[in-house]
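Note sheet for the following structure.
The values are calculated or read from the model by the stated rules, or taken from the named source; none is laboratory data. Nothing here was measured: the structure is a model prediction, and the numbers come from that model. Cβ atoms come from the backbone with ideal geometry, glycine included; neighbour counts cover every protein chain shown.
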Amino acid sequence: MAYTPFFIEAVIWFFPIIFMFHVLEEIITLDSFMAKFKNNVPRSFLAKFAFKVKKMLGTKSTQFSISVAWILLIITFITFKTAFHLPMGGNFLLFIAVLNIFFLQAFSHIGQTFILRVYTPGVITAFIIVIPYSLLTYSCLFELGLIDGHLLFKSIPFSMVMVPIFLIGNLLGQRFNR
């Protein structure tokens with residue numbers, strides 16, 4: 001399929017929207033999920049670990065929402081910068097770095113669901129929105145020659161640096177949700 005510049009620009013701009021749909025599922029279901037398992041954590045080591053990670057990332061939807069707002073600001077800024085520079089050949093390094101995180105975290109939802117053997121917040125949109133969107137975006141960017149394997153490899157350290165930057169949102173959530 002031949003992708004047009006308008007199509008790829010639309011795909012780029014969909015990133016913050018797709019992100020919001022995904023986290024909306026998490027925000028809506030987080031409180032009931034945490035209440036259900038508050039005193040009834042499955043016994044396996046992996047299940048305890050998965051639940052501990054969920055707690056670390058925010059046990060209340062309000063705390064999680066503050067973290068999401070922080071991440072959304074960063075994603076929107078990077079998306080704007082990427083779309084703005086698209087007519088000039090684009091600079092996709094930060095966009096790909098953040099997309100890598102988004103794509104890989106979808107598999108954490110699937111893993112948590114597998115480990116806990118129950119629905120976990122975010123797993124539905126991870127399957128039906130995040131993974132397909134990410135694969136489409138990677139495909140479009142590769143096909144148009146806007147990214148290549150070298151850039152994808154080069155983005156990995158930037159992805160690793162972005163994770164602690166995103167986690168600052170969790171600290172903000174804890175600080176402002178007292």
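Side notes on the structure shown:
- For region 33-46, the criterion of being touching a Gly at 6+ places or on another chain (Cβ under 9 Å), of a type in the set (A, V, I, L, M), in a helix (DSSP H, G or I) and modelled with pLDDT under 70 is met by at least one residue.
- Scanning region 110-167 for residues that are outside any helix (DSSP H, G or I), in contact with a helix residue (DSSP H, G or I) (Cβ under 8 Å, 6 or more places away or on another chain) and more than 26 Å from S61 (Cβ to Cβ) yields L144, L146, I147, D148.
- Across region 95-114, a minimum of one residue is classified as farther than 23 Å from V68 by Cβ and surrounded by fewer than 19 Cβ atoms within 10 Å (Cβ to Cβ).
- Once region 119-160 is narrowed to residues that are free of Cβ contacts under 8 Å to residues at least 40 places away in the same chain and β-branched (V, I, T), the residue that is surrounded by the most Cβ atoms within 10 Å (Cβ to Cβ) is V123.
- Residues that are more than 26 Å from I8 (Cα to Cα), within 17 Å of the chain's Cα centre (by Cα) and surrounded by fewer than 17 Cβ atoms within 10 Å (Cβ to Cβ) within region 162-178 comprise P164, I165, L167, I168, listed in sequence order.
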